[in-house]
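Right, one structure below, let's go through it.
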Amino acid sequence: NSSTLLPALKIIMGNLTSTSLPALKTVAGCDTTRFMGTWFVVGVKPTMLETTCSNSIEKYTLLDEDKKSDQHDINIDFKYNPKEDPFETTNNVKSLPQKGWVQGNNRKQSGDWLVSPFWPIKMSFPIIELDEKDYSYAVVGYPDRNYCWILSRTPTMKDKLYKDIEKKLVDNHQYDLEGFRKVPQKWTAEERTKRGLTKEELPDSFLVN
């Protein structure tokens, strides 16, 4: 139930943008349409809600071009299990739907977004790393560097790529990795069905027995 999460989120991210650090540099170009779809959260510098989460997924849906000017651009469906073992019987799925606004002059090409879990909060959502060829991974930062999300189109990421991303976070984006954690992604066919994922989004090869 997202209603139980919102007060906590408002507190832990209450100081939304205040920082003495330089502004995060977003990617040169991010094709909004190609970014849409399902992403597995494989690594986080976590909010309070994510310190023990597992099977975290974000689904992005672009709204129609003819939306009203005061409406958001993107629907974001964020679901996760709050405990580290996704198969624990009491580890029920939590949901935090969000809205996104693409910033800049070109809504079709921008790595600078705002995201809102609830009115009137709008949080910075800078896309700071991206596989610009295949859109197989992306990294979302946060201005004060207290939070970060590594996204992958698959539930697993090769160790070398993960370590390369961590190095870029430190060298290019002034992050420290204290508190950074890999998010357990363990899936069965039953869990895939329960979450409404297709075999294209989560192929059989990534399922555990």
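The values are calculated or read from the model by the stated rules, or taken from the named source; none is laboratory data. These figures come from a predicted structure and were not determined experimentally. Backbone-built Cβ (ideal geometry, glycine too); neighbour counts: all protein chains shown. Each accessible area value is taken on the protein alone, full model and side chains, heavy atoms only, with ligands, DNA and RNA left out. Shrake-Rupley method; radii C 1.70, N 1.55, O 1.52, S 1.80 Å.
Only one of K194, K160 is more than 20 Å from L62 (Cβ to Cβ), of a type outside the set (S, T, N, Q), open to solvent by 80 Å² or more (accessible area, probe 1.4 Å) and modelled with pLDDT under 95; which? Lay out the reasoning, then the answer.
On the way: K160 fails: modelled with pLDDT under 95.
Just a single option satisfies the conditions, and that option is K194.
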Here the residues within the range 20-37 that are farther than 12 Å from A138 by Cα and surrounded by 15 or more Cβ atoms within 10 Å (Cβ to Cβ) are L24, T32, G37
Please determine whether any residue of the range 170-179 is at pLDDT 95 or above, over 19 Å from G43 (Cβ atoms) and out of contact with any His (no Cβ under 9 Å at 6 or more places or on another chain). no
Among residues of the range 123-142, those that are in contact (Cβ under 8 Å) with a residue 40 or more places away in the chain and open to solvent by 20 Å² or more (accessible area, probe 1.4 Å), counted: 3
Scan the range 82-122 residue by residue and report those that are hydrophobic (A, V, I, L, M, F, W, C) and open to solvent by less than 20 Å² (accessible area, probe 1.4 Å). L96, V102, W113, V115
If I filter the range 26-48 for residues that are at pLDDT below 95, in contact with a Pro (Cβ under 6 Å, 6 or more places away or on another chain) and part of a helix (DSSP H, G or I), do I get at least one hit? no
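Looking at the range 117-129, is at least one residue among the charged types (D, E, K, R) and over 18 Å from the mean Cα position of the chain (by Cα)? Give the steps one after another, and end with the answer.
Pass one, the range 117-129, residues among the charged types (D, E, K, R): 122, 129.
So of that shortlist, the ones also over 18 Å from the mean Cα position of the chain (by Cα) come out as none.
No - not one qualifying residue is present in the range 117-129.
Would you mind stating whether R145 is under 22 Å from Y60 (Cβ atoms), touching a helix residue (DSSP H, G or I) at 6+ places or on another chain (Cβ under 9 Å), among the basic types (K, R) and assigned to a loop (DSSP other than H, G, I, E, B)?
no
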All-but-one check, S110 against (1) under 17 Å from V44 (Cα atoms); (2) in contact with a strand residue (DSSP E or B) (Cβ under 6 Å, 6 or more places away or on another chain), failing number (1)
Note on the range 163-191: residues aliphatic (A, V, I, L, M), surrounded by 18 or more Cβ atoms within 10 Å (Cβ to Cβ) and outside any helix (DSSP H, G or I) are V183
